[in-house]
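Derivation of every value follows stated rules applied to the coordinates shown; laboratory data play no part. None of the values given here were measured: they were computed from a predicted structure. FYI the Cβ positions are ideal-geometry reconstructions off the backbone, even for glycines, and counts take in every protein chain you see.
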Amino acid sequence: MKKNFNKTGVIFTDGYDEDNSLYTCSECGKSFEEDDLIFFDSLPYCKECFEEYTTVCDCCGERVHIDFTESDSENTVCCYCAEQYYYRCAECDCLVSSDKLYVDEDGNYLCCDCWERLEGNTSIHKYLYKPEPIFHKENKEKGNLRFFGVEIETDRRSSVSNETAEETAKILLAEANNSGAEDKFYLKIDQSLKYGFELVSHPMTLAYHLNSMPWKTIMTSLLEKGYISNSSETCGLHIHVNKSSLGDTEEEQNEVISNILLFVENNWDKILKFSRRTEIQMNRWAARYGIKEHGRLKEIAKDKNSENRYTCVNLQNRDTVEFRMFKGTLNYTVFAAALQLVNAICDIAKTSSAEETEAVSWTEFTRRINRNENKELFSYLSERKLLS
């Protein structure tokens, strides 16, 4: 005998018309033939009710009943994702993902719009400021692209008032607007800096960073205004890479990430020299994992909370892998070289198995990189005597 299901998921036969072979929709109570029903979570739904009473979570992509969701005017997420990754804005009650969350001095959670409205219009945003990312690419670029978001920390040699820093920021942003870089980066306070700020780009492809973003002009302007990066003890250059570019599935992405960790560990001495940081500075801001076993590194890649974010390759961000090992710079060649190195590491990790990654020496790695397409990288490698 065929079975029917009630709303609690308990199998029963009382509502099943055996003579006519009909089922009862768990929502509207109407009878339907089996072929006209969709069985979801052990419950039968007519097609109309299935569309009305179930939905796909915007976060994890799983289909759930609407009773087990949180939503606002733009987002609908399952209860699990809502609990793990989202908060309600204290002002407008919209859903805010944890990586776009702002917290005021009273501990209230705020969305970007409410934060800006309450904090006032400033050129240097608070530490937790994180707008919706705007992706930039060259017109000819298509497909599953690799995007890079950069954070360049800058400071001053001596004390500078907030008003002076704000004025510098306004001039810098005005210059960026004149050179076509408006809405491509923003400035924010960084807790590790005494008198400076952090310049954060929106995600861009490598080609866009190198060909369309006026980094040389921006860096020259900062240097002329007395800002430093390389000669500061604390300033860093952090590079984010979108995980989606590393694989189509989470499993594929984790495999590539574990290869990245393996390559960095096996070539730590070279990367340390490339970074311009000391071992002590690395231990404080971008510590090595100190693990060479691929299996253990793969477990770290899966468990995003297994390490703190002050590691050479930070995995705690939901959508990006963050390379934190580089010392800050306002030298365009050094900046471009770091981007090209990260891109090359991602390439080798994505196209190689764990065994192949393990076997790639630094010499073999640099040999595989196209010199004509990575001129800044090879110029810097030569300067640091990292070509053998």
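Roughly how many debye, to the nearest 20, is the charge dipole of segment 25-118 about its Cα centre, given +1 on each Lys and Arg Cβ, -1 on each Asp and Glu Cβ, and no other charges?
80 debye
Taking +1 at the Cβ of each Lys and Arg and -1 at the Cβ of each Asp and Glu, which of 212, 222, 240 sits farthest along the dipole of segment 184-255 towards its positive end, judged by Cα position relative to the Cα centre? Positive-most Cα among the choices belongs to 222. Per residue, the chain reaches -10500 deg cm²/dmol at 222 nm when only DSSP H runs of four or more residues are counted, each adding -39500 (n - 2.57).
Distance between the 7 Å Cα→Cβ label points at residue 67 and residue 316: 3.8 nm. Packing, taken as the mean count of other beta carbons within 10 Å per residue, orders the peptides 289-302, 198-211, 262-275 from highest to lowest as 198-211, 262-275, 289-302. The residue list 49, 268, 144 was ranked by how far each Cα lies along the charge dipole of the chain toward its positive end, using unit charges on Cβ atoms, and 268 comes out on top. Average 1/r across all pairs of distinct alpha carbons in the chain, invert it, and you get the Kirkwood radius: 23.9 Å.
For segment 68-144, chymotrypsin sites (Phe, Trp or Tyr not before Pro) meeting the loop criterion (DSSP other than H, G, I, E, B) and having at most 16 other Cβ atoms within 10 Å: 127, 135.
For GluC sites (Glu not before Pro), the sites in segment 18-114 that DSSP calls loop and that have at most 14 other Cβ atoms within 10 Å are 18, 62, 74, 105.
Dipole size in debye (nearest 20) for the chain around its Cα centre, Lys and Arg Cβ +1, Asp and Glu Cβ -1?
Computed charge dipole of the chain: roughly 2880 debye.
Computed over segment 206-343, the quotient of the alpha carbon radius of gyration and 2.2 N^0.38 Å is 1.09. Rounded to the nearest 0.05, the FRET efficiency derived from the C-beta distance between residue 83 and residue 382 at R0 = 56 Å is 0.60. For the pair segment 248-304 and segment 310-329, the centres of their Cα atoms are 10 angstrom apart.
The charge dipole of segment 221-361, taken about its Cα centre with unit charges on the Cβ of Lys, Arg, Asp and Glu (plus for the first two, minus for the last two), comes to roughly 700 debye.
Kirkwood Rh, Cα Rg: Rg to Rh for segment 16-108?
Reported Rg/Rh, Kirkwood definition of Rh: 1.19.
Annotation for segment 358-388: trypsin sites (Lys or Arg not before Pro) lying in DSSP loop with at most 12 further Cβ atoms inside 10 Å of their Cβ are 371, 385.
Note on segment 240-388: dipole from Cβ charges, positive end direction compared against 320, 283, 349; the farthest Cα belongs to 283.
With R₀ fixed at 22 Å, the C-beta to C-beta distance from residue 93 to residue 118 puts the FRET efficiency at about 0.90. Can you compute the label reach from residue 166? Point 7 Å from Cα along the Cβ direction, backbone N cut-off under 18 Å, restricted to segment 191-213. Backbone N within reach: 195-198. For the chain, modelled as a GNM whose springs connect Cα atoms under 10 angstrom apart, the maximal fluctuation among 246, 145, 187 occurs at 145.
Could you work out how far apart the two model spin labels at residue 353 and residue 139 are, taking each label as a point 7 Å from the Cα in the direction of the beta carbon, and quote it in nm? Between residue 353 and residue 139, the simple spin-label model gives 4.4 nm.
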